[in-house]
Every structure is written in structure tokens, then in C-alpha cells.
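Encoded as C-alpha cells, the structure appears first; notes follow it.
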Amino acid sequence: MLRPSLTQTSGTTLSGCTSELGPQQHPLGTLSSYATADGSYSLYSSHFKEAFHSSAGALAEARSKFVAPAELERFYGSKQLRVLDVCVGLGYNSAALIEALQGSSIRLQWWGLELDPRPLNLALQQPNFKANWSLQVLKILEDIRDSSSWQQKSSQGTLLWGDARQKLNLLPNNLKIDLILLDAFSPSRCPKLWSEEFLTALARKLAPGGRLLTYCRAAAVRASLRRAGLQLRSLLRVAGEKQGWSAGTLAISPEPNEALSLQGPSWQALTLMEEEHLLTRAAIPYRDPSGQATVEEILERRKQEQQHCAMESTNSWQRRWSRDLTGECH
Ligand SMILES: C[S@@+](CC[C@H](N)C(=O)[O-])C[C@H]1O[C@@H](n2cnc3c(N)ncnc32)[C@H](O)[C@@H]1O
């Protein structure tokens, strides 16, 4: 799902960057701030031409697409919870998750992957961003900003700055993760982090029963996750969200003898329409076998593959399901 393409004039262009690079040389280009519908602070990247959060609200999105379907209560009473946040950005998803764990005795092992320190830096200068969090969670965000790692009681975390495709390889080999929060810019803007290879690598890191959560419902992404052996569920829309046929994807690493129910508090099985979407050309994956390809190379490779494949065109699928479809599909 493409996030709203705000124009630069709709936000405030931020120049308060500590780095010596000019904004255009930064990987995200110029960052502009804007307030989302729930009043939470967010950013827009001129390079990716995309907002960091849906217009419904940064905080609301973190809670509904990442915290709720994680079902953290599953971990109460267990020794530890291992979380990987891919694309930490301003830190909303992890902060909301850690906030929800406050008061529990869970030992959290956290890793984050992120290219650019500026979003977190800028967020931590905003009183209305800081007001969302308890002092403990705020301290964690500040520690990540200042030293890329944090420790509180028996919980700890490390942020690996750089391209997530390479940094993922630095996680311990035998590490198995319970929750992966995947919040990259949309596939057409940031295909590097939605490639068949990257998604397969993430899927391999999941523990049995582990969940990958994302706002993305793109057929290419879902098809790659399924080929990587994960079971798919469709996230339900929550009040305040724009009309649309799915709010995202929950992908589960199957657990022997314990299938995840088809219907849950925040998800359902893929509908027939969603299943058929995975049989169209939209489901051709983003490919990046070297893990080093540019956006242009990945998009061109996919375009060629779509032109030469015998799958149903996405337009014809759209026509068939036009009454059920609202919003775009990739
Ligand atoms: C949609 S924003 C993430 C929002 C974030 N989850 C939050 O709650 O604020 C996407 C993030 O992906 C990061 N990013 C883009 N390309 C990346 C890459 N190749 N490796 C790691 N991070 C990347 C951007 O810097 C940006 O912070």
C-alpha cells in the first residue's frame, strides 16, 4: 500500500540535521514534518517521495498494525521475547511495543535496522513525540540515538545502522526471532527491502510460531513470503483507516501441531479476491540476488518479467473484483 504522497509544501522542511551532508546527499533527501490525523508527528522523505506513516496516524498505525497483531500476551510468563524492527525510522513501532510490555517481566531482546539516524533525531526534538512515551521508553529511544544500544533490567537492544540488506547478516547466526516488524517504504519506492531474497532471509530468522508484521498487502510481497514457507493472514482495518481491502499482512512461521486460527482479533484468512491477486502479474516478485541492486535495476527486472509471463494481468483481476476493490494495488 502506498503511503500518502504529501507534497513538500504541506509539511515543514527540516534543516536541523547534525550531519555535515546537505539534505540532498542524505539517503532520504530532505525531510519534511507533518502531523498525522491522530496528532502524532511524522516525516516525509523527498528522496523516496513518500510519507513515513499513513495519514490515519503514526501512533495509531504502530498500535494497530504492529502491536495488536503481535498479541504480546502470548509471551507473558515466557522467558524472553526476541524482536527485530526493520526500518526503525522515528521509532514508533518499537516504542509502542515496548510501552505495551511495561509492567511485564518479559526479557526483551531487541534489534533494529535503519539507514538514517535523522528521523529518530528529529523526533526526539519534538515535545509532542516525546509526550507519547513513558520515561523508560524515552530513555531507550535516547540511548539508541546516542549509543546505538540500550539496556534496562534484563532487557537490551542494539541498532545496526546501514543498509538492512547487509546489516541483517550481522545478527547472530543462530538467533531465532519471535516478531519482525517490517515497515519499509512501499515496494515500488523501496523494492530493496521487499525482494524475494530479503524476505526469504527474514523468514529464515523467524522462530517456529514467529510472526512477521507489515502494513503492506502487495501481491509480490505476499507471494514471496508464502514461497518462503510462511502462512499468510490479512490484517483487518481499524476505525479511522481509509477504506481498503486489507490493512496489511501477518505472516507466520508454522509451528508443528499448532496452526494459527484463520480468524483472529486483528486478522482474517486471505479472501478469494486476495488469493486470486497472488495469481496475477502483480505477484511477480522483486528480485535482488546480489543483495546490492539499485531500485532501478530491481524495478526494471520485474517489469521485464511481468511483460514475458503468462499470468493474468492485474487489470483483468481488478475488473473482476471491481466492486470489492477500493484503493490501489501494486
Ligand atoms: C516508512 S519509514 C519507517 C517508519 C518507522 N517504522 C517509524 O515508526 O517511524 C521507512 C524507513 O526505512 C529506512 N530505510 C530506507 N531504506 C533502507 C535500507 N536500505 N536499509 C535500512 N533502512 C532503510 C528509512 O530511513 C526510513 O526511516
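Observations, loosely collected:
- Mean residue ellipticity at 222 nm, helices only, the chain: -7000 deg cm²/dmol; runs of at least 4 DSSP H residues each add -39,500 (n - 2.57), and the sum is divided by the number of residues.
- Using a probe of 1.4 Å on the protein chains alone, the accessible area found for ASP38 is around 70 Å².
- Normalising the average separation of contacting C-alpha pairs (under 8 angstrom, six or more residues apart) by the number of residues puts the relative contact order of the stretch 57-320 at 17 percent.
- The phi-based Karplus calculation (6.51 cos²θ - 1.76 cosθ + 1.60; θ = phi - 60°) puts the 3J(HN,Hα) values of the stretch 262-270 at 5, 10, x, x, 10, 8, 8, 5, 4 Hz, whole numbers, x for Gly and Pro.
- Taking amide H positions as modeled 1.01 Å from N, with prolines and chain starts lacking one, the residues under 5 Å from TRP267 and 5 or more places away or on another chain are LEU236.
- Placing pseudo-labels 7 Å out from each Cα toward the beta carbon at ASN257 and GLU71 gives an inter-label distance of 1.8 nm.
- SER149 accessible area, 1.4 Å probe, all protein chains in place, Å² to nearest 10: 50
- Ordering of 66-79, 105-118 by packing [mean C-beta count within 10 Å, highest first]: 105-118, 66-79
- Extension gain, SER104 to SER134, is 9.3 nm, computed as 0.36 nm per intervening residue step minus the present C-alpha separation.
- Close amide H partners of ASP183, meaning residues 5 or more places away or on another chain with modelled amide H under 5 Å apart, are VAL86.
- Fraction of antiparallel bridges per DSSP, the stretch 95-168 only, in percent to nearest 5: 40
- The value given for the chain is a Kirkwood hydrodynamic radius of 20.2 Å, derived from the mean inverse Cα-Cα separation.
- Loop-resident sites, the stretch 241-296, for GluC sites (Glu not before Pro), counting at most 10 other Cβ within 10 Å (DSSP): GLU258
- Percent accessible area from carbon and sulfur atoms, the stretch 202-248, protein chains only, probe 1.4 Å: 49
- Whole-percent carbon and sulfur share, accessible surface of the stretch 86-128, 1.4 Å: 50
- Rolling a 1.4 Å probe over the protein heavy atoms gives the stretch 57-320 an accessible area of 42 Å² per residue.
- Here the calculated FRET efficiency for GLU276 and GLN80, from their Cβ-Cβ distance with R0 = 30 Å, stands at 0.15, rounded to the nearest 0.05.
- Label point 7 Å beyond Cα of ASP324 along Cβ direction - residues of the stretch 252-282 with amide nitrogen under 18 Å: 262-264, 267-282
- Placing R0 at 30 angstrom, the Cβ-Cβ distance between ASN173 and ASN315 gives a FRET efficiency of 0.10 after rounding to 0.05.
- Added length on full extension, which subtracts the Cα-Cα distance from 0.36 nm per residue, SER147 to GLU300: 51.2 nm
- DSSP-defined antiparallel bridges as percent of all bridges, the chain, nearest 5: 50
The values are calculated or read from the model by the stated rules, or taken from the named source; none is laboratory data. These numbers were taken from a predicted model, which means no experiment stands behind them. Please note: Cβ atoms are built from the backbone with ideal geometry, for glycine as well, and neighbour counts cover all protein chains shown. For accessibility, only protein heavy atoms count, side chains too; no ligands or nucleic acids. Shrake-Rupley method; radii C 1.70, N 1.55, O 1.52, S 1.80 Å.
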